[in-house]
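Report on one structure; see the data block that follows.
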Amino acid sequence: MTIEKLELFEVFIRSKRGLDHKHVGSLHAEDHEQALEYARDVYTRRSEGVSIWVIRSEDICASQEDDSESFFDPSDDKPYRHATYYPLPKEIDNM
Amino acid sequence: MANSDLTEAELEAAFQEKIDSEQKIEPKDWMPEGYRKNLIRQMSQHAHSEVIGMQPEGNWITRAPSLRRKAVLLAKVQDEAGHGLYLYSATETLGISRAEMIEALQTGAAKYASIFNYPTQTWGDMGAIGWLVDGAAICNQVSLQRTSYGPYARGMIRICKEESFHQRQGYQIMIELALGTPEQKQMAQDSLNRFYWPSLMMFGPHDSDSAHSAKSMKWKIKRETNDDLRQKFIDQTAPQIKFLGLEHPDKDLKWNAERGHHDSGEINWDEFYSVINGNGHCNRQRIQHHVKAHEEGAWVRAAMLAYKEKKKKQYQVD
Ligand SMILES: [Fe+2]
Ligand SMILES: [Fe+2]
Ligand SMILES: [Fe+2]
């Protein structure tokens with residue numbers, strides 16, 4: 001099998017227990033198992049992680065940057081969703 | 001060494017060692033059955049509370065006194081739906097399905113916070129709930145950001161970020177009422193009187209009477225006891241009531257300089273157990289409403305399934 005035929009996988013690493021997996025990059029592999037091994041070899045040479053996720057790139061469904069206006073804009077005119085929108089009287093120091 | 005080579009006792013020792021050294025437990029780790037069960041109980045109960053909690057406030061959305069107030073209340077209730085989703089999903093990582101959890105809620109096998117069985121009678125209740133009920137929930141949830149189960153802890157961090165607006169919008173309603181006309185002030189006082197004690201009950205029974213506490217503390221599912229969290233809430237709330245110029249519902253409340261905390265009166269535990277066991281004002285109504293909404297939504301789920309099947313067929317043809 002030529003390298004061009006290999007599938008692209010995305011790699012996510014949990015650097016420490018309790019933290020989210022973070023995207024670190026991608027690689028070519030034949031299947032999940034191989035992708036995990038490659039990811040270990042490539043992305044965790046300096047003990048960067050305690051857990052790895054790999055997922056076929058084509059299985060990722062992403063929002064489009066061009067759509068971002070209609071996708072995210074509506075939240076801009078809702079300042080009342082933030083705590084800072086409600087001033088606290090100075091007599092009340094924490095809430 | 002693979003997990004299968006270890007005895008149950010060895011596995012449990014390694015598990016407890018992780019907990020003792022403040023490491024999080026993640027979904028694919030080995031965990032004792034009791035830990036898993038205890039978490040499923042607590043997390044699903046928490047998820048149910050977020051979802052059922054939409055009803056008492058949803059009751060006032062169409063009657064909010066201004067468009068701005070309506071938008072704020074809608075945004076808050078929408079957040080609670082999101083919190084339910086975060087928590088159900090996190091609970092599913094423990095190997096229970098959403099359908100099983102919903103079934104347990106609807107048959108009464110699973111509980112939700114008793115506070116939501118109290119009716120919301122006036123606009124003032126929207127103030128009292130945001131301020132006191134969300135306030136008590138925040139005390140609890142801030143503490144749970146350090147819980148030992150990773151997905152639960154991360155969910156709590158996300159939720160806490162969203163919660164502080166809930167409490168502040170509630171307190172702002174209280175300020176406006178308390179500084180308003182005598183009738184408005186009376187409305188604020190009445191809501192405070194009705195929601196203060198049930199908010200204290202949200203922290204659960206006294207530590208000495210709490211069935212799940214000891215194990216939960218050892219496993220660090222809970223990080224602070226019911227009574228400690230309740231004390232924090234009582235101390236925080238006292239100056240807030242004072243600022244509103246309202247009468248404190250607890251006549252025995254007194255600052256104790258020696259303890260550095262307020263002493264307080266005893267909770268009516270008969271009321272607590274009676275509401276938990278199904279005899280609050282709204283227990284039946286809350287579940288009936290949930291079942292109704294669930295059944296009325298069945299066609300949406302059926303349509304989604306049919307659409308999925310159709311796409312699958314198309315895919316096979318192409
Ligand atoms: Fe919430
Ligand atoms: Fe909550
Ligand atoms: Fe909330």
Q) If you check every pair at least six apart or on different chains, which have Cβ atoms under 7 Å apart with a residue in region B:139-167 that is within 20 Å of residue B:32 (Cα to Cα) first and a residue that is open to solvent by 10 Å² or more (accessible area, probe 1.4 Å) and within 11 Å of ligand 3 (Cβ to nearest atom) second? A) none
(Q) Tell me whether region B:88-105 contains one or more residues that are within 14 Å of ligand 1 (Cβ to nearest atom) and among the acidic types (Asp, Glu). (A) no
Q: Working carefully through the options B:171, B:118, B:196, find the one that is open to solvent by 30 Å² or more (accessible area, probe 1.4 Å) and within 24 Å of residue B:249 (Cβ to Cβ).
A: B:118
Q: From the list A:1, A:95, pick out the single residue that is surrounded by 14 or more Cβ atoms within 10 Å (Cβ to Cβ) and modelled with pLDDT under 90.
A: A:95
Q: Collect the residues in region B:25-40 that are in a helix (DSSP H, G or I) and either touching a Pro at 6+ places or on another chain (Cβ under 7 Å) or under 19 Å from residue B:146 (Cβ atoms) (or both), keeping them in residue-number order.
A: B:35, B:38, B:39
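For region B:48-69: of the residues being more than 14 Å from chain A (Cβ to nearest Cβ) and outside any helix (DSSP H, G or I), which is nearest to the chain's Cα centre (by Cα)?
B:53
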Q. In region B:94-122, how many are under 30 Å from residue B:185 (Cα atoms) and part of a loop (DSSP other than H, G, I, E, B)?
A. 6
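Condition first: aliphatic (A, V, I, L, M) and more than 16 Å from ligand 1 (Cβ to nearest atom). Now tell me which residues in region B:154-179 satisfy that.
If the condition is that a residue be aliphatic (A, V, I, L, M) and more than 16 Å from ligand 1 (Cβ to nearest atom), then B:173, B:174, B:175, B:177, B:178, B:179 are the ones that fit.
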Q: Any residue in region B:256-276 that's on the phi < 0 side of the Ramachandran plot: show its pairings with residues that are part of a loop (DSSP other than H, G, I, E, B) and at pLDDT 95 or above at Cβ separation under 6 Å, as long as the two are six or more apart or on different chains.
A: B:262/B:253; B:264/B:250; B:264/B:253; B:265/B:250; B:265/B:252
**Q.** Those helices (runs of 4 or more DSSP H) lying entirely in region B:123-219 with at least 2 residues over 30 Å from residue B:247 (Cα atoms)
**A.** B:150-178, B:213-218
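The values are calculated or read from the model by the stated rules, or taken from the named source; none is laboratory data. Model, not experiment: these values are computed from the prediction. FYI the Cβ positions are ideal-geometry reconstructions off the backbone, even for glycines, and counts take in every protein chain you see. Heads up: the accessible areas ignore ligands, DNA and RNA and are worked out on the full protein's heavy atoms, side chains in. Shrake-Rupley method; radii C 1.70, N 1.55, O 1.52, S 1.80 Å.
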